[in-house]
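Peer 1: To start, I am sharing the structure in question, which I have written as structure tokens.
Values in this text are rule-based calculations from the coordinates and carry no lab data. None of the values given here were measured: they were computed from a predicted structure. All Cβ positions, even for glycine, are placed from backbone atoms using ideal geometry, and neighbour counts span all protein chains on display.
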Amino acid sequence: MADAQVIVSGVKKSFEDNLVLRDVSLSLQSGDVVAILGPSGSGKSTFLRCLDYLERADAGTLQLGNDVYDLHDASNKQILEVRRRTGFVFQNYNLFINKTALKNVMEPLVCAHRVPKEDAERIAKEALDKVGLSDRYDYYPSQLSGGQQQRVSIARAIAVKPEVIFFDEPTSALDPELIGEVLSVMKNLANQGITMIVVTHEMRFARNVATHVVFMEGGVIVEEGSPEQIFEHPQQSRTRQFLQQIADDAAIG
């Protein structure tokens, strides 16, 4: 894409003899929402984790704006810089259990971004308000539902005003009745023009909210395109098989 805000090029990753990512590349414009679909073990989550240096890639680059970062050889300073410019929402929330919702959102602002505490508290409250938790500032994770905990995690990600947010299967640990509240928050973020890469198994979100859909299997991108292209006119037989399986499972469920 011309003038892309985020460009990922040539990401490769092996765990010993297991080749997990085989030269994966992706480009996003500012405001794009990319949904990454695929069966378990296709490399989706590893790809995201490599982009935030939670896993060290064997090769590849990440470009944010005009700055290019080596995903294998980056210095600690460069890794910190990438993490300051991005947000990451984990599958299992990753909250500090001994801190309130407000303190969880304030923590990266104060520690990583050096925001004064008074300002950090104001920003954190605004972020919690955006995800519908204005009445839960002083609640600890153990006092919150799974959906509320994930919304705290999303508030923590948006509070630092990142250039892109990575979501790693953000609803997969939730009970079915709590999934909607998290997807609703993510849809609102998309409507605000926040750039996102979302690994997900929620087909409705991918179809209705994403601007671009990627289908991965075996560590490669098998097919990508608009939601209409992927869901209505998939070109690859493997993409068609995957979507059919999802549809069959949903019908049984």
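Peer 1: Quick one: if you take sqrt(5λ) for each eigenvalue of the C-alpha gyration tensor of region 115-159, what semi-axes come out, biggest first, whole angstrom?
Peer 2: They are 18, 11, 9 Å, listed largest first.
Peer 1: Let me ask something additional. Helix 176-191 against the longest principal axis of the chain: what's the angle in degrees, Cα atoms only, rounded to the nearest 10?
Peer 2: Rounded to the nearest ten degrees, it is 90.
Peer 1: Still on this model: Which of these, Gln148, Gln91, Gln229, has the largest mean-square fluctuation under a Gaussian network model of the chain (Cα springs below 10 Å)?
Peer 2: Judging by the Gaussian network model, the answer is Gln229.
Peer 1: Near the amide H of Val164, under 5 Å away, which other amide H atoms are found, from residues 5 or more places off or on another chain, if H is placed in the peptide plane?
Peer 2: Those lying under 5 Å, H to H, from Val164 are Gly87.
Peer 1: Further question on the same structure: Efficiency by 1/(1 + (r/R0)^6): what FRET value for Lys187 and Ser9, r their Cβ-Cβ distance, R0 = 22 Å, to the nearest 0.05?
Peer 2: After rounding to 0.05, the efficiency reads 0.15.
Peer 1: Sticking to Cα atoms, compute the Rg of the chain to one decimal and its Dmax as the biggest Cα-Cα distance, whole number, in Å.
Peer 2: Answer for the chain, Rg first and Dmax second: 18.0, 55 Å.
Peer 1: Here's a follow-up. Between Phe96 and Asp248, what is 0.36 nm times their sequence separation minus the Cα-Cα distance? Round to one decimal in nm.
Peer 2: Separation in residues times 0.36 nm, less the Cα-Cα distance, equals 50.8 nm.
Peer 1: Shifting gears a bit: For the pairs Lys125/Lys187; Lys12/Lys125; Lys12/Lys103; Lys44/Lys77; Lys12/Lys161, note any where the Cα-Cα span goes beyond 32 Å.
Peer 2: Where the Cα-Cα span goes over 32 Å, the pairs concerned are Lys12/Lys125; Lys12/Lys103.
Peer 1: Which distance in Å, rounded to a whole number, links the C-alpha centroids of region 51-117 and region 182-236?
Peer 2: So the separation of the two Cα centres works out to 23 Å.
Peer 1: With runs of 4+ DSSP H residues as the only contributors, calculate the mean residue ellipticity of the chain at 222 nm using -39,500 (n - 2.57) per run, divided by the residue total and rounded to the nearest 500.
Peer 2: Rounded to the nearest 500, the figure is -12000 deg cm²/dmol.
Peer 1: Explain nothing, just the number: dipole magnitude of the chain about its Cα centre with +1 on each Lys and Arg Cβ and -1 on each Asp and Glu Cβ, in debye rounded to the nearest 20.
Peer 2: 580 debye
Peer 1: With 5 Å bins from zero, work out the P(r) of region 104-253 over every alpha carbon pair and list the percent per bin.
Peer 2: The percentages, shortest bin first, are 2, 9, 16, 18, 17, 13, 9, 7, 5, 2, 0, 0.
Peer 1: Calculate how steeply helix 237-252 sits against the longest principal axis of the alpha-carbon atoms of the chain, using the helix alpha-carbon long axis, and give the answer as 0 to 90 degrees to the nearest 10.
Peer 2: 60 degrees
Peer 1: Hey, if you put +1 on the Cβ of every Lys and Arg and -1 on every Asp and Glu Cβ in region 6-252, which of Ile158, Phe15, Ala173 ends up farthest toward the positive end of that dipole?
Peer 2: Farthest towards the positive end: Ile158.
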